Amino acid sequence: MLIVPPREIPASEITPPSAYLRRREFLAGAAGLGLGALLGPAAAAPLAGAKSPFSTNETPTPRADVTSYNNFYEFGGGKSDPAARAGSLTTSPWTVEIDGLVAKPAKYALEDLIRPSALEERVYRMRCVEGWSMVIPWIGVPLAAVLARAEPLGAAKYVAFESLVRPQEMPGQKGLLQLLPWPYVEGLRLDEALHPLTLLAVGLYGETLPNQNGAPLRLVVPWKYGFKGIKSIVRISLVETEPKTSWNLQNPREYGFYSNVNPRVDHPRWSQATERRIGEGGLFARRRPTLMFNGYADQVAGLYAGMDLGSYF
Ligand SMILES: Nc1nc2c(c(=O)[nH]1)N[C@H]1C(S)=C(S)[C@@H](COP(=O)(O)O)O[C@H]1N2
Ligand SMILES: [Mo]
C-alpha cells in the first residue's frame with residue numbers, strides 16, 4: 001500500500017476554518033447554486049442539478065413522505081424517529097476521508113469533494129428490504145467521479161463506507177439498547193461502486209438533504225435494498241477484501257453482502273415478490289410486483305453474470 005505522508009497532501013485539500021466561512025459566503029452568492037448551504041444550518045437550501053437520462057419517468061413519492069418515513073438507526077428504530085430527532089445533527093463543517101488502496105489519500109472538506117457544476121438530478125426507484133418502495137428525485141454526483149480523484153490502486157477490489165459516530169447528537173448511539181454496532185458500515189464491490197448508476201447524493205427534491213435522509217452526503221444504489229445506501233458518510237476506503245456491513249453483522253442469516261433487489265429470493269421471514277409504494281393509498285393499496293434488480297436489470301445484471309444469486313444474497 002502506498003502511504004502518502006501528511007505533508008504531501010496539497011494544502012488546497014485542507015481547509016482552515018476561516019476559509020469555510022469565506023467560501024460559504026462566496027457560494028451563497030454564486031448563481032443560486034447553493035452548495036455552500038451544505039455548510040449551513042440544518043434548514044434545507046436550494047440545490048440544482050441537470051436532469052440525468054438515468055431518471056425514471058415514474059411519479060416521485062411526495063416530498064412529505066420521503067422526509068418523514070425513514071430508516072436512520074442513529075436516531076432510533078422507528079420510522080418517524082429520524083425526522084423527529086435528526087434536526088440536532090451538525091453537518092457543517094463536514095469532512096470525508098478517502099483512504100486505503102489509493103494513490104492520493106486525503107481528507108476533503110465536503111465543498112471541495114462535490115463540485116456544484118457536476119451535480120445531476122437522478123429520479124430513482126428505491127426499495128427497502130422491509131417491503132416498501134419510493135421514487136426519489138436525488139441530487140448528487142456519480143461515486144465513480146469522486147473515487148477517481150483519489151486514484152484507486154490496482155489491488156483495490158472493494159469500497160468500504162463509514163457513517164458518523166457522534167453520540168452527543170445521535171440518540172440511537174447512546175444508552176443500553178443499541179440497535180446496531182456503530183459506526184454504521186457498508187460496502188460495494190469496486191465494479192458496483194464504479195457503475196454509472198451509483199450516486200453520492202447531497203440533495204433531494206431540489207434542496208440539500210434533510211438530516212433524516214442522510215445529510216450532508218449519502219450513498220444511493222438503486223438496484224440494491226435501501227440499507228446499502230449509507231447515510232452521513234465520513235470515510236470511504238478502497239480495500240482488498242469484502243468489507244463488513246452493518247446489517248450482515250447484526251443478522252448474517254437474513255442480510256447478505258450483495259442485497260440486490262430480487263423478487264425470487266425471499267427474506268427468511270417474508271416474501272420479496274411484491275412491494276407497497278409509499279404515498280399510494282395507505283396500507284390497503286394494491287401491492288406492486290417487485291422487479292429484478294428493482295427494474296435496473298438491463299443496466300446491472302451483467303455485474304452478476306454466472307453468480308448464484310440465491311447464495312450471494
Ligand atoms: N447510517 C445509516 N445509514 C442508513 C441507515 C441507518 O440506519 N444508518 N438505514 C438504511 C436503510 S434500512 C434505508 S431503507 C435507507 C433509507 O433512506 P431514506 O430514509 O432516505 O429513504 O437508509 C439506509 N442508510
Ligand atoms: Mo431499509
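The values are calculated or read from the model by the stated rules, or taken from the named source; none is laboratory data. Not measured: the values here are computed from a predicted model. A quick note on method: Cβ atoms are made from the backbone with ideal geometry, for glycine too, and the neighbour counts reach across all protein chains shown. The accessibility values were calculated without ligands, DNA or RNA, using every heavy atom of the protein model including side chains. Shrake-Rupley method; radii C 1.70, N 1.55, O 1.52, S 1.80 Å.
Among the residues in the stretch 156-176, are any in contact (Cβ under 8 Å) with a residue 40 or more places away in the chain, closer than 27 Å to Tyr296 by Cβ, out of contact with any helix residue (DSSP H, G or I) (no Cβ under 6 Å at 6 or more places or on another chain) and surrounded by 23 or more Cβ atoms within 10 Å (Cβ to Cβ)?
yes
What's the number of the condition Ser80 fails, among (1) hydroxyl-bearing (Ser, Thr, Tyr); (2) within 16 Å of ligand 2 (Cβ to nearest atom); (3) open to solvent by 20 Å² or more (accessible area, probe 1.4 Å); (4) within 24 Å of Thr198 (Cα to Cα)?
Looking at each condition in turn, Ser80 falls short on (4).
Step by step: first the residues of the stretch 107-122, then only those that are open to solvent by less than 10 Å² (accessible area, probe 1.4 Å) and in a strand (DSSP E or B), then the one that is nearest to ligand 2 (Cβ to nearest atom). Which residue is that?
The residue in question is Arg122.
I need a count of the residues in the stretch 48-77 that are open to solvent by 60 Å² or more (accessible area, probe 1.4 Å), among the charged types (D, E, K, R) and at pLDDT 95 or above.
Matching residues across the stretch 48-77 total 1.
Would you confirm, using the coordinates I've provided, whether Arg269 is open to solvent by 40 Å² or more (accessible area, probe 1.4 Å) and at pLDDT below 95?
no
Which numbered condition in (1) within 19 Å of Asn71 (Cβ to Cβ); (2) open to solvent by less than 10 Å² (accessible area, probe 1.4 Å); (3) of a type outside the set (Phe, Trp, Tyr) is the only one that Ala193 fails?
(1)
Would you call Tyr225 more than 15 Å from ligand 1 (Cβ to nearest atom), under 30 Å from Ala148 (Cβ atoms) and among the aromatic types (Phe, Trp, Tyr)?
No: the conditions fail for Tyr225.
Checking the condition surrounded by fewer than 18 Cβ atoms within 10 Å (Cβ to Cβ) and out of contact with any helix residue (DSSP H, G or I) (no Cβ under 7 Å at 6 or more places or on another chain), which residue from Thr274, Thr245 passes?
Sole residue among the options that is surrounded by fewer than 18 Cβ atoms within 10 Å (Cβ to Cβ) and out of contact with any helix residue (DSSP H, G or I) (no Cβ under 7 Å at 6 or more places or on another chain): Thr274.
Report every pair of residues separated by at least 6 positions or lying on different chains whose Cβ atoms are under 8 Å apart, first residue within the stretch 295-313 and open to solvent by less than 70 Å² (accessible area, probe 1.4 Å), second among the β-branched types (Val, Ile, Thr).
Gly295/Thr56; Leu309/Val265; Gly310/Val265
Kindly list the number of the only condition in (1) outside any helix (DSSP H, G or I); (2) under 30 Å from Lys104 (Cβ atoms) that fails for Ala193.
Against the list (1) outside any helix (DSSP H, G or I); (2) under 30 Å from Lys104 (Cβ atoms), Ala193 comes up short only on (1).
Which residues, taken from the stretch 205-242, are over 17 Å from Arg189 (Cα atoms), in contact with a helix residue (DSSP H, G or I) (Cβ under 8 Å, 6 or more places away or on another chain), outside any loop (DSSP other than H, G, I, E, B) and away from ligand 2 (no atom under 16 Å from the Cβ)?
Selection gives Thr208, Asn211.
Would you be able to tell me the number of residues in the stretch 89-98 that are over 21 Å from Phe75 (Cβ atoms) and open to solvent by less than 30 Å² (accessible area, probe 1.4 Å)?
Matching residues across the stretch 89-98 total 1.
Could you give every pair whose Cβ atoms fall below 7 Å, whose first residue belongs to the stretch 272-286 and is of a type in the set (Ser, Thr, Tyr), and whose second residue is open to solvent by 40 Å² or more (accessible area, probe 1.4 Å), counting only separations of at least 6 or pairs across chains?
Short answer, once both residue conditions are applied: Thr274/Arg287; Thr274/Arg288; Thr274/Pro289.
Going through the stretch 213-228 one residue at a time, which ones are out of contact with any Ser or Thr (no Cβ under 6 Å at 6 or more places or on another chain), touching a residue at least 60 places away in the same chain (Cβ under 8 Å) and either among the aliphatic types (A, V, I, L, M) or open to solvent by 10 Å² or more (accessible area, probe 1.4 Å) (or both)?
Listed by number, the residues that qualify are Leu217, Leu219, Val220, Gly226, Phe227.
Is there any pair with a first residue in the stretch 179-192 that is in contact (Cβ under 8 Å) with a residue 24 or more places away in the chain and a second that is of a type in the set (S, T, N, Q) and open to solvent by 30 Å² or more (accessible area, probe 1.4 Å) whose Cβ atoms are under 7 Å apart and which are 6 or more apart or on different chains, and what are they?
Leu180/Gln250
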